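Worksheet for the structure shown next.
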Amino acid sequence: MRIVLVGPPGAGKGTQAAFLAKNLSIPHISTGDLFRANISQQTELGKLAKSYMDAGNLVPDEVTIGMAKDRMEQPDAENGFLLDGFPRNVSQAEALDEMLKTEGMKLDGVLDLEVPEDEVVKRIAGRRICRKDSSHVFHVTYSKPKTDGVCDVCGGELYQREDDSEDTVRKRLEVYHTQTEPIIDYYKAQGLVVTISALGKVDEVTKRAMAALQGDA
Ligand code: ADP
Ligand code: AMP
């Protein structure tokens, strides 16, 4: 299956992607995690991306599309993938369609996670991620690690993302509404969108998501 996850920052895309990818035996590809890995390895791409991420803006398409394409071309993504955070504007969606078309492939679905803004703000304010692997995600009250400040998965240090500060979150929400939300209509025109509520416990949302992707919702 080739799936795109869409939803505002803090909706729970990364959290759900980890479970969905496992259930569906496909890799979870998060462009945000790829950028953060580049930042911690201090690559040129990481240095460039950081300035945009810290300001809550999108990293330019020229570098983002190439990075996403390279990852999708890895052998583990041959039979499918779950995209989280990509595409994030209509030109990225068009580039993805073009890339898939060239390979004779297509998307199977776009899962739209709906969450009210006040909930998103609470989720982001308490989010803590792992320094060793930013796909390991916790929350200070909703998804507490066994030991404060320590990743349950790998023992890495947990920290608050710089771009999870109140001002940057406001900017990221604005960017979501103006640049990312239009991809939902773009994909609706292709009949690909299933929308679910991302409120409730993590496992309840996962069940809802699996049902929606399998066409049972
Ligand atoms: P996104 O990838 O969409 O930005 P995350 O998966 O990182 O969002 O989730 C944002 C925060 O909300 C994290 O701290 C996560 O632990 C928490 N979270 C995710 N899903 C839920 C949920 N269903 N209920 C409560 N908190 C959640
Ligand atoms: P995320 O981890 O998905 O919340 O993304 C964190 C930040 O990385 C975003 O605010 C952007 O600055 C950048 N980013 C992630 N994915 C993309 C993308 N597809 N296009 C542009 N910027 C992105």
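The values are calculated or read from the model by the stated rules, or taken from the named source; none is laboratory data. All figures in this text were calculated on a predicted structure; none of them were measured in a lab. Note that each Cβ is placed from the backbone with ideal geometry, even for glycine, and that neighbours are counted across all protein chains shown. These accessible areas exclude ligands, DNA and RNA; they are computed on the full protein's heavy atoms, side chains included. Shrake-Rupley method; radii C 1.70, N 1.55, O 1.52, S 1.80 Å.
So the values come out like this:
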{"read-out": "Enumeration of residues in segment 6-19 that are surrounded by 20 or more Cβ atoms within 10 Å (Cβ to Cβ) and more than 9 Å from ligand 1 (Cβ to nearest atom)", "value": "6"}
{"read-out": "Qualifying residue in segment 89-98 (condition: open to solvent by 70 Å² or more (accessible area, probe 1.4 Å) and under 22 Å from residue 193 (Cβ atoms))", "value": "yes"}
{"read-out": "Out of 143, 134, sole residue that is polar (S, T, N, Q) and under 20 Å from residue 52 (Cα atoms)", "value": "134"}
{"read-out": "Hey, residue 22 within 13 Å of ligand 2 (Cβ to nearest atom), open to solvent by 50 Å² or more (accessible area, probe 1.4 Å) and basic (Lys, Arg) or not", "value": "no"}
{"read-out": "Residue within segment 95-108 that is on the phi > 0 side of the Ramachandran plot and within 16 Å of ligand 1 (Cβ to nearest atom) present", "value": "no"}
{"read-out": "Output for segment 68-82, where each listed residue is in contact with a Pro (Cβ under 6 Å, 6 or more places away or on another chain) and buried (at least 18 other Cβ atoms within 10 Å of the Cβ)", "value": "81"}
{"read-out": "Which listed residue is within 19 Å of residue 93 (Cα to Cα), at pLDDT 95 or above and either among the acidic types (Asp, Glu) or touching a Leu at 6+ places or on another chain (Cβ under 6 Å) (or both), from 203, 185, 152, 163", "value": "185"}
{"read-out": "Single residue of segment 94-131 satisfying the filter (basic (Lys, Arg) and more than 18 Å from the chain's Cα centre (by Cα)) that is nearest to residue 206 (Cα to Cα)", "value": "106"}
{"read-out": "Residue check, residue 121 open to solvent by 40 Å² or more (accessible area, probe 1.4 Å), within 16 Å of ligand 1 (Cβ to nearest atom) and not in a loop (DSSP other than H, G, I, E, B)", "value": "yes"}
{"read-out": "Residue, surrounded by the most Cβ atoms within 10 Å (Cβ to Cβ), within segment 52-67, restricted to residues that are more than 21 Å from residue 128 (Cα to Cα) and more than 16 Å from ligand 1 (Cβ to nearest atom)", "value": "64"}
{"read-out": "Some residue of segment 26-49 being among the aromatic types (Phe, Trp, Tyr), more than 15 Å from ligand 1 (Cβ to nearest atom) and either open to solvent by 50 Å² or more (accessible area, probe 1.4 Å) or more than 30 Å from residue 207 (Cβ to Cβ) (or both)", "value": "no"}
{"read-out": "Residue satisfying condition, being crowded, with 19+ Cβ neighbours inside 10 Å, farther than 19 Å from residue 26 by Cα and away from ligand 2 (no atom under 16 Å from the Cβ), within set 151, 130", "value": "151"}
